[in-house]
Amino acid sequence: VFQVTLAMVKPDAIDRADDIVDRVLASGLAVLNRRRVRLTLEQSTELYMEHYGKSFFTELVAFMSSGPVLVMVLAGNDAVSAWRDLIGPTDSVKAREVAPKSIRALFGTDNRLNAVHGSDSLLSAYREIKFFFPTFVVADTQESG
Ligand code: CMP
């Protein structure tokens, strides 16, 4: 089904954002909107609130506000899983073992410095798109997945 999702190039890979965007487009996904932003600590804390209390939370939000990120609204067939398949597993070390052509394998370092983010579900995608693009209208009533 046609979906939108939120993709982000993280601070560790921002210098290679053009190469990553090339891979997005080569996959057949469309970039509907894009914005380069630098998150404050407060904003990255809000964005990653679901991980609050986890051992890596403090490092994660510090990393995510350490430099600019590129956020994009991607669209296409099954965009949520299509983008997650393209980026590979969270840990770039594991990605190099199990998905050596994935974006995290090629552009990331480990399980924190992992180059990119992708929404884990359609509901997360809608929340994250609204976070970065408050005026973006998602003309899609499918609420599951
Ligand atoms: P992301 O897909 O953006 O979602 C949560 C992020 O937390 C994840 O990518 C990693 O950057 C980070 N993360 C997840 N697990 C760990 C971990 N065990 N140690 C450090 N960072 C992690």
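Does residue 37 satisfy being touching a strand residue (DSSP E or B) at 6+ places or on another chain (Cβ under 9 Å) and within 14 Å of the ligand (Cβ to nearest atom)?
no
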Worksheet item: Can you name every residue in segment 45-67 that is farther than 17 Å from residue 109 by Cα and more than 12 Å from the ligand (Cβ to nearest atom)?
Response: 45, 46, 53, 65
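Of all residues in segment 17-28, which are assigned to a helix (DSSP H, G or I) and either surrounded by fewer than 16 Cβ atoms within 10 Å (Cβ to Cβ) or basic (Lys, Arg) (or both)?
Selection gives 18, 19, 22, 23, 25, 26.
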Discussion item. So if I check each of 31, 93, 61, 37, which one is surrounded by 16 or more Cβ atoms within 10 Å (Cβ to Cβ) and either at pLDDT 95 or above or touching a Ser or Thr at 6+ places or on another chain (Cβ under 9 Å) (or both)?
Written reply: 61
Fill in: Residue list for segment 1-16, restricted to those being among the hydrophobic types (A, V, I, L, M, F, W, C) and either outside any helix (DSSP H, G or I) or surrounded by fewer than 21 Cβ atoms within 10 Å (Cβ to Cβ) (or both)
1, 2, 4, 6, 7, 8, 9, 14
Discussion item. Residue 70 - would you say it is under 19 Å from residue 11 (Cβ atoms), more than 9 Å from the ligand (Cβ to nearest atom) and in contact with a strand residue (DSSP E or B) (Cβ under 8 Å, 6 or more places away or on another chain)?
Written reply: yes
Worksheet entry | Hits in segment 66-89 - residues which are surrounded by fewer than 18 Cβ atoms within 10 Å (Cβ to Cβ) and more than 22 Å from residue 25 (Cβ to Cβ) | 66, 67
Worksheet item: Can you tell me which residues in segment 114-125 are near the ligand (Cβ under 7 Å from one of its atoms) and touching a Phe, Trp or Tyr at 6+ places or on another chain (Cβ under 9 Å)?
Response: 114, 118
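The values are calculated or read from the model by the stated rules, or taken from the named source; none is laboratory data. Since this is a predicted model, take the numbers as computed values, not measurements. Positions of Cβ are generated from backbone atoms using ideal geometry, with glycine treated the same way; all protein chains shown enter the neighbour counts.
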